[in-house]
Amino acid sequence: MSGGHSTYTPKTGIERWIDARMPLPRLVYDSFVAFPVPRNLNYAYTFGGILAIMLVVQIITGVVLVMHYASDTSLAFVSVEKIMRDVNWGWLLRYMHANGASFFFIAVYLHIFRGLYYGSYKAPRELLWILGCIIYLLMMATGFMGYVLPWGQMSGWGATVITGFFTAIPLVGTWLQQLLLGGFSVDNPTLTHFFSLHYLLPFVIAGVVVLHVWALHVVGQTNPTGIEIKSKTDTLPFTPYATVKDAFGMIVFLAVFAYFIFYIPNYLGHPDNYTQFNSLKTPAHIVPEWYFLPFYAILRAITFNIGPIDSKLGGVLAMFGAIAVLFFVPWLDTSKVRSAVYRPWYKLFFWIFGINAVFLGWLGSKPAEGWYIPAMQASTLYYFAFFLVIMPLLGLFETPKQLPNSITEAVLAKNKGAHAHPAGATAAPETKG
Amino acid sequence: MSATDHSDVTRRDFLYVATGTAAVVGTAAAAWPFIDQMRPDASTLAQSSIEVEVGSLQAGSSLVVKWRGKPVFVRNRTPEEIKAAQDTPMADLKDPIARNGNLPSDAPATDVDRSAGKDKENWIVMVGVCTHLGCVPLGQQGDFGGWFCPCHGSHYDTAGRIRKGPAPMNLEVPVYSFISDTKIRIG
Amino acid sequence: MKKVLHGLAALSFLFAGSTAFAQEATHAANHEAEPTHFPIKAPREQSWSFAGPFGTYDKAQLQRGLKVYKEVCSACHSMHLVPFRMLEELGYNEAQVKAFAAEYTVQDGPNDDGEMFDRPGKPSDYFPSPFPNDQAAAAANGGAAPPDMSLLAKARGVTRGFPQFVVDIFTQYAEGGPDYIYSLLTGYDQTPPEGMEIAEGTHYNPYFINGKSLAMAPPLSDGQVTYDDGSPQTVDQYAHDIAAFLMWAAEPHMEERKQTGFSVMTFLLLFGVLVYLTKRKVWSNVEH
């Protein structure tokens, strides 16, 4: 935590005994009870906790599904159907896991957008941001490999297309593709490779999440004003304030999640994945899972050669570049002001970026034909321009709004007139109910 | 503290207790599917009972069928085997309980209670798993002409009762019934 | 300086706008005689007993659907993920299921002589496939193996398009499969537009998801299957019944799912209210 000193005082003998040997209760107390959080956090800041829940949901449902799944091409598809039909609650566990992946991504996208809006990546939180980007990258790998496991048509053909990206890399491309596939095409070794890695990566994610949370507790949370914590009145203890707010956010999120699981469990999936993979018959339209669609659109936007780079390699570079650019955001943004609340122009471009990203996703589900292609190209251009042109230039030209002096001042200004609270009520927040 | 403050505190405590209870109940309910999924699934349960044709079995011959993943011995016993078992004094039995799933759990291990019952004493149906450590005993061997487990030397008599060796109990008789004169249903 | 920013913003709007409006015309590429996008016609939405949050299967309808499958579809289409024992969910008792299973011949073995042998089906057996393997199925059907029907109702779904796919979230539309199957089975009587070429040995059907015509000849005709419950013996009724049956075959736990969903949603709602009130209480003394 930012303060450095711990306020944990063991009360009983056994607590003192543990504290002297392995101060885990102290760590938990300092990180999740006494940890000071800005008092003005809104619900956009609950997605971190929601993501933690989703990671746990995915790991637990995954571990349980593995008790029934068979990672062999002759059995995989049937074993998933046995889960759906015969295993007690199997339909629930599998729908939870499949929709859980989607909701994990919904939460992570909202979490990333919150970071972009409030400038959470700016110094001293660059490492925190980069660790987040690494988690996102690991999630993409895990999600992609998990989608292969049911061994449906989209599983097999998605794997064919994605591993095909690697052939675009000069010299080592084909070698790399065969390494991933364990052969010349998507077959049994591919399935066993992906199954093993799909089981491993979530635990790697959990490890990086620990680093991410560690980094967060060193630098402290940002807040909608983007102003650092200056005094004690700016903060509240994590428990009960942030805990109960996070809990409410989680329940609302879980309610939407449950709605999908119980009423429209196949809405986010693709019908073709209920047909077993046939390596001789490609479906009419191969589309990835929805959470990859914006990148799929960027991939297909590059229909032309750029100098020595042919369109195939160009598309792959653009797609990976779209993710790679995120890592450099802390240095691409030149503004001295953190939060979009005080940056009118950034705010505008940010919302355009958000709409553009959704539009890219929609385009990703469309065939590469007709007007979709120039639309993909224009959208891709804006995607990169936002990071590479708008972010660096805006910091130089934009005139930010007047910043409040502190979080407390911002809170008081916001509530002035709206509440009839006496000013003194804000000074000493109650610590525990 | 004023009276209004006090009622406020009570209401707040009630709220906290209710919320906490709901959280515990919700977590417990959510945990159940994760535990329940480990029980036998529908396809396993569908094969938990089998039907066996025994009409072709002559006196003195046996049949081994697989039931719930375990061997089941079905034997049409000879009159000599039945007599040998009937003549055994109860005091000689190591385990005096019939261990017959079709009878009450305290039924004595008489020959008739080990067999398919009155008038069907020639039939004996047993799970072929030694009650010691789970090996499969060999038929018509050992000191009593019944079954003999080679793993640790348990001897069963012609009614499948443990007579000598480390096994603690008679061979288990599964739930079964004759659905016709020549067909039995196990499980 | 502000002008530069205005210019940038305007430029980005221009991109978004131009792409959205300027190129709408290319959509007309779907010529009537030589369409490039399938199906030519969107499936006709039907009303199903199992639709919506409280939907349940109509057991009488499923029994009729089973009859249609058994007497018509099963000649070519397998359903290898569905065991006979599951038919108890259609309202049959154990003895009826046993008798139904026994009407089928199932290969078992090897026996003690190492031979495979045929025996009557048991409830734990799965519907036997009409062909020994995919190659045989394809060879007997002009090169195209008839798809397995166990999951057909979930494996077929016509893209709904914007904004319909957003509306579908709120209406809980999950009947794309049965709608498609119904539309296909009743869509054979339409005549192809002027000038359209239909390949030899295929049949025009504007509802077919993968082309303008398909290899399967119209499988149903009025009066083909005899119903015992007095339901009309028409192609339209058969198509409804088989589509409902296939939805059940693909998603046998749907009723349980929706019922569990109601309990879960109710709990989350109440729990959410409690946590919200707790949150209000905790934060009541703090301006934020």
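Quick notes
- Test: residue in region A:67-86 that is more than 12 Å from every other protein chain (Cβ to nearest Cβ), farther than 30 Å from A:GLY182 by Cβ, of a type in the set (Asp, Glu) and more than 13 Å from the chain's Cα centre (by Cα): no
- Restricted to region C:36-59, and to residues there that are over 18 Å from C:ALA155 (Cα atoms) and out of contact with any helix residue (DSSP H, G or I) (no Cβ under 9 Å at 6 or more places or on another chain), the residue that is surrounded by the fewest Cβ atoms within 10 Å (Cβ to Cβ) is C:SER47.
- Lone qualifier among C:SER74, C:SER150 - being of a type in the set (S, T, N, Q), over 19 Å from A:PRO271 (Cβ atoms) and open to solvent by less than 40 Å² (accessible area, probe 1.4 Å): C:SER74
- Residues that are facing chain C (nearest Cβ under 10 Å) and modelled with pLDDT under 95 number at least 2 in the following helices (runs of 4 or more DSSP H) confined to region A:371-433: A:391-397, A:407-415.
- When A:PHE194 is tested against (1) open to solvent by less than 30 Å² (accessible area, probe 1.4 Å); (2) not in a helix (DSSP H, G or I), just one condition goes unmet, and that condition is (2).
- Condition check for A:ARG21: open to solvent by 40 Å² or more (accessible area, probe 1.4 Å) and touching a helix residue (DSSP H, G or I) at 6+ places or on another chain (Cβ under 6 Å): no
- Any hit, region C:1-19, residues being modelled with pLDDT under 95 and not in a helix (DSSP H, G or I): yes
- Condition met for C:GLY157 (open to solvent by less than 40 Å² (accessible area, probe 1.4 Å), in a loop (DSSP other than H, G, I, E, B) and within 8 Å of another protein chain (Cβ to nearest Cβ)): yes
- Test: residue in region C:27-34 that is surrounded by fewer than 15 Cβ atoms within 10 Å (Cβ to Cβ), at pLDDT 95 or above and touching an Asp or Glu at 6+ places or on another chain (Cβ under 9 Å): no
- Applying the criterion of at least 2 residues that are open to solvent by 70 Å² or more (accessible area, probe 1.4 Å) and within 18 Å of B:PHE178 (Cβ to Cβ) to the strands (runs of 3 or more DSSP E) found wholly in region B:30-90 leaves B:50-53.
- If you go through region C:103-138 and keep only what is open to solvent by less than 50 Å² (accessible area, probe 1.4 Å) and in a helix (DSSP H, G or I), you end up with C:ALA136, C:ALA137, C:ALA138.
- Odd one out for A:VAL244 among (1) closer than 30 Å to A:THR160 by Cα; (2) in contact with a Ser or Thr (Cβ under 8 Å, 6 or more places away or on another chain); (3) at the interface with chain C (Cβ under 7 Å from one of its Cβ atoms): (1)
- Check on C:PHE100, part of a helix (DSSP H, G or I), open to solvent by less than 80 Å² (accessible area, probe 1.4 Å) and modelled with pLDDT of 95 or more: yes
- Summed over region A:381-396, residues that are out of contact with any Gly (no Cβ under 9 Å at 6 or more places or on another chain) and open to solvent by less than 50 Å² (accessible area, probe 1.4 Å) total 10.
- Of all residues in region A:256-282, those satisfying the criterion of being more than 9 Å from chain C (Cβ to nearest Cβ) and more than 22 Å from A:TYR95 (Cα to Cα) are A:SER279, A:LEU280, A:LYS281, A:THR282.
- The single condition from (1) in contact (Cβ under 8 Å) with a residue 40 or more places away in the chain; (2) in a helix (DSSP H, G or I); (3) within 14 Å of chain C (Cβ to nearest Cβ) that A:PRO330 fails is (3).
- The number of residues in region C:113-129 that are modelled with pLDDT of 90 or more and more than 20 Å from A:PHE77 (Cβ to Cβ) comes to 11.
- Considering residues of region B:13-29 that are open to solvent by 70 Å² or more (accessible area, probe 1.4 Å) and under 36 Å from the mean Cα position of the chain (by Cα) only, the residue farthest from the other protein chains (Cβ to nearest Cβ): B:THR27
- Picking from residues in region A:167-179 that are open to solvent by 50 Å² or more (accessible area, probe 1.4 Å) and free of Cβ contacts under 8 Å to residues at least 40 places away in the same chain, the one that is nearest to A:PRO308 (Cα to Cα) is A:LEU171.
A quick yes/no check of all residues on (1) in contact (Cβ under 8 Å) with a residue 40 or more places away in the chain; (2) open to solvent by less than 40 Å² (accessible area, probe 1.4 Å); (3) more than 7 Å from every other protein chain (Cβ to nearest Cβ); (4) part of a helix (DSSP H, G or I):
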position: C:TYR238; (1), (2), (3), (4): yes, yes, yes, yes
position: C:TRP248; (1), (2), (3), (4): yes, yes, yes, yes
position: C:PRO252; (1), (2), (3), (4): yes, yes, no, no
position: C:ARG257; (1), (2), (3), (4): no, yes, no, yes
position: C:GLY261; (1), (2), (3), (4): yes, yes, no, yes
position: C:MET265; (1), (2), (3), (4): no, no, no, yes
position: C:LYS281; (1), (2), (3), (4): no, no, no, yes
position: C:GLU287; (1), (2), (3), (4): no, yes, no, no
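- Subset of region C:160-208 (residues that are within 12 Å of chain A (Cβ to nearest Cβ), open to solvent by 10 Å² or more (accessible area, probe 1.4 Å) and small (Gly, Ala, Ser)): C:GLY161, C:ALA174, C:GLY176
- Against the conditions (1) in contact (Cβ under 8 Å) with a residue 12 or more places away in the chain; (2) open to solvent by less than 20 Å² (accessible area, probe 1.4 Å); (3) hydrophobic (A, V, I, L, M, F, W, C), A:ALA258 satisfies every one except (1).
- When residues of region A:224-241 are limited to those that are facing chain C (nearest Cβ under 10 Å) and open to solvent by less than 20 Å² (accessible area, probe 1.4 Å), the one nearest to C:THR266 (Cα to Cα): A:TYR241
- Here region A:89-116 is the region considered, the condition is being more than 14 Å from the chain's Cα centre (by Cα) and open to solvent by 30 Å² or more (accessible area, probe 1.4 Å), and the residue that is farthest from A:ASP246 (Cα to Cα) is A:TRP89.
The values are calculated or read from the model by the stated rules, or taken from the named source; none is laboratory data. Treat the numbers as computed from the prediction; the structure is a model and nothing was measured. Note: ideal-geometry Cβ built from the backbone for every residue, glycine included; neighbour counts use all protein chains shown. These accessible areas exclude ligands, DNA and RNA; they are computed on the full protein's heavy atoms, side chains included. Shrake-Rupley method; radii C 1.70, N 1.55, O 1.52, S 1.80 Å.
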